[in-house]
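Here is the structure we will look at.
The values are calculated or read from the model by the stated rules, or taken from the named source; none is laboratory data. Quantities reported herein were computed from a predicted structural model and do not represent experimental measurements. Glycine also receives a Cβ, built like all others from the backbone with ideal geometry; neighbour counts cover every protein chain displayed.
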Amino acid sequence: MGNGNAARNEIITGLRQEEKTISPKYFYDERGSQLFDEITRLPEYYLTNTELAIMQDNIDEMVSLIGQQASLIEFGSGSSYKTRILLEHLDDLAAYVPVDVSEEHLLASASEIRAEFPHVDVLPVVADFTHEFDLPTPQVMPIRNIVYFPGSTIGNFEREDAIDLLRVMHHEAGEGGALLIGVDLQKDPEIIEAAYNDSAGVTAEFNTNILRHLNNQYDADFDVDAFTHDAQYDEEAGRVVLRLISEKDQTASVGEEDFHFDAGESILTEYSHKYTLKDFAGMADAVGFEVAHVWTDADELFSVQFLTRD
Ligand code: SAH
Ligand code: AVI
């Protein structure tokens, strides 16, 4: 995502807050993207397997709702793992536009998709999707845009920011377009906490890697081993809260600025919201999307939803 001053200033602003905060988008350097892929294969991380099964079970219906000659625009595409099911079944796509902030990983994934699906016009965009970005022009004129946002990445945004992001997607979908989105659901807190405290320690490594990323790219000097992973589900707020806890009194700098940490003080690194179907429908409605279809697994752990707009 570049080494720019703007990003460093954003990091410094977050660390100046009353509870020191680093945006979860800084998880995703090349190593962070690889660690996320490892998370998706963990037995405790129910999100990916459940979403994949929902896609497989309902792919014909999804393909028919997407329709002919669409442009598929994926926000936060990562390794485009689940997208492959769509690409296998959509044989007349105008284009596939994966959008991600993790540049190396995005370009490598786009090359793989190109090799696997030579008939698809693959047009990767390196961008922070919370800000407006230009869409590339495909060789074939799309009939409609389908924004694809799997993985419940929407849950990593606080309510107002999530609504703003839905507004961006409403805009990118354009007239007559739609959004196909993965939305994680509220459930037994034990299932949720296990998914973010895996026994192999991969999520802990993913969480601490955010500091390594800042050290490597943004002129910071965190003692990575002096922070520990913490993930708890706040049932009332319906969200997992990921933090890094300072093991000792210490100071770290980012650029020219020093930040002191008391022993036990935390850095907030991520929220992962879990929704009720009603809750999410209200957020969609707030930006002018209509929930046209909801698919879930039998245990209602996760949902995939098709949202339409005029
Ligand atoms: N869609 C994939 C990956 C989810 S991980 C899946 O469902 O498995 C979240 C992805 O979103 C990562 O690849 C990360 O690099 C990307 N991402 C996070 N914040 C972003 C932002 N603000 N702008 C663009 N991409 C972002
Ligand atoms: C990308 N996002 C939906 C993941 C989640 O579950 O909130 C990121 C993650 N954080 C810890 N594990 C996975």
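Conditions (1) under 26 Å from GLN186 (Cβ atoms); (2) outside any loop (DSSP other than H, G, I, E, B); (3) hydrophobic (A, V, I, L, M, F, W, C), marked per residue:
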| residue | (1), (2), (3) |
| --- | --- |
| THR48 | yes, yes, no |
| MET55 | yes, yes, yes |
| LEU65 | yes, yes, yes |
| SER109 | no, yes, no |
| PHE133 | no, no, yes |
| PRO142 | no, no, no |
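Take the conditions surrounded by fewer than 16 Cβ atoms within 10 Å (Cβ to Cβ), more than 16 Å from ligand 2 (Cβ to nearest atom), closer than 27 Å to ASP297 by Cα and over 22 Å from the mean Cα position of the chain (by Cα) and apply them to HIS119. Does it pass?
no
So, of the residues in the stretch 280-298 that are of a type in the set (D, E, K, R) and surrounded by fewer than 16 Cβ atoms within 10 Å (Cβ to Cβ), which turns out to be farthest from LYS248 (Cα to Cα)?
GLU290
Can you find a residue that is more than 20 Å from GLY255 (Cβ to Cβ) and in contact with a Phe, Trp or Tyr (Cβ under 7 Å, 6 or more places away or on another chain) anywhere in the stretch 12-21?
Scanning the stretch 12-21 turns up no residue that is more than 20 Å from GLY255 (Cβ to Cβ) and in contact with a Phe, Trp or Tyr (Cβ under 7 Å, 6 or more places away or on another chain).
For the stretch 287-306, how many residues meet the condition of being more than 25 Å from TYR233 (Cα to Cα) and assigned to a loop (DSSP other than H, G, I, E, B)?
The total comes to 3.
So which residues in the stretch 263-286 are in contact (Cβ under 8 Å) with a residue 12 or more places away in the chain and part of a helix (DSSP H, G or I)?
LEU277, ASP279, PHE280, MET283, ALA284, ALA286
Filtering the stretch 88-115 down to residues that are free of Cβ contacts under 8 Å to residues at least 60 places away in the same chain and among the hydroxyl-bearing types (Ser, Thr, Tyr), which residue is surrounded by the most Cβ atoms within 10 Å (Cβ to Cβ)?
By that ranking, first place goes to TYR96.
Would you mind finding the one in LEU93, LEU65, LEU35, LEU15 that is more than 14 Å from ligand 1 (Cβ to nearest atom), among the aliphatic types (A, V, I, L, M) and within 26 Å of SER266 (Cα to Cα)?
One residue alone meets the criteria, LEU15.
Inspect all residues belonging to the stretch 233-243 and state whether any of them is crowded, with 17+ Cβ neighbours inside 10 Å and either without any contact (Cβ under 8 Å) to a residue 40 or more places away in the chain or more than 15 Å from ligand 2 (Cβ to nearest atom) (or both).
The answer is yes, given that some residue of the stretch 233-243 is crowded, with 17+ Cβ neighbours inside 10 Å and either without any contact (Cβ under 8 Å) to a residue 40 or more places away in the chain or more than 15 Å from ligand 2 (Cβ to nearest atom) (or both).
Can you tell me how many residues within the stretch 148-178 are within 16 Å of ligand 2 (Cβ to nearest atom), not in a loop (DSSP other than H, G, I, E, B) and not small (Gly, Ala, Ser)?
Looking only at that region, the number is 10.
Working only within the stretch 22-38, note down all residues that are part of a helix (DSSP H, G or I) and out of contact with any Leu (no Cβ under 9 Å at 6 or more places or on another chain).
The answer is LYS25, GLU30, ARG31, GLY32, GLN34, LEU35, PHE36, ASP37, GLU38.
Listed here are the residues, each with its yes/no results for (1) charged (D, E, K, R); (2) closer than 22 Å to GLU205 by Cα; (3) modelled with pLDDT under 95; (4) in contact with a Pro (Cβ under 7 Å, 6 or more places away or on another chain).
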site: ALA231; (1), (2), (3), (4): no, yes, no, no
site: ALA237; (1), (2), (3), (4): no, no, no, no
site: THR251; (1), (2), (3), (4): no, yes, no, no
site: GLU265; (1), (2), (3), (4): yes, yes, no, no
site: LYS274; (1), (2), (3), (4): yes, no, no, no
site: ALA292; (1), (2), (3), (4): no, no, no, no
site: PHE302; (1), (2), (3), (4): no, no, no, no
site: THR308; (1), (2), (3), (4): no, no, no, no
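When the residues of the stretch 179-224 are filtered to those that are charged (D, E, K, R) and either buried (at least 17 other Cβ atoms within 10 Å of the Cβ) or part of a helix (DSSP H, G or I) (or both), which remaining residue is nearest to the chain's Cα centre (by Cα)?
ASP184
The conditions are (1) within 13 Å of ligand 2 (Cβ to nearest atom); (2) within 30 Å of ALA178 (Cα to Cα); (3) of a type in the set (D, E, K, R), and ASP60 fails exactly one of them. Which is it?
Just one mismatch for ASP60, condition (1).
Between a first residue in the stretch 198-211 that is touching a residue at least 12 places away in the same chain (Cβ under 8 Å) and within 14 Å of SER33 (Cα to Cα) and a second residue that is away from ligand 2 (no atom under 11 Å from the Cβ) and among the basic types (Lys, Arg), which pairs have beta carbons less than 8 Å apart while being 6 or more apart in sequence or on different chains?
Partner pairs satisfying both residue conditions: ASN209/ARG31.
Would you point out the residue of the stretch 82-107, among those that are hydrophobic (A, V, I, L, M, F, W, C) and in a loop (DSSP other than H, G, I, E, B), that is modelled with the lowest pLDDT?
Only one residue tops the list, namely VAL101.
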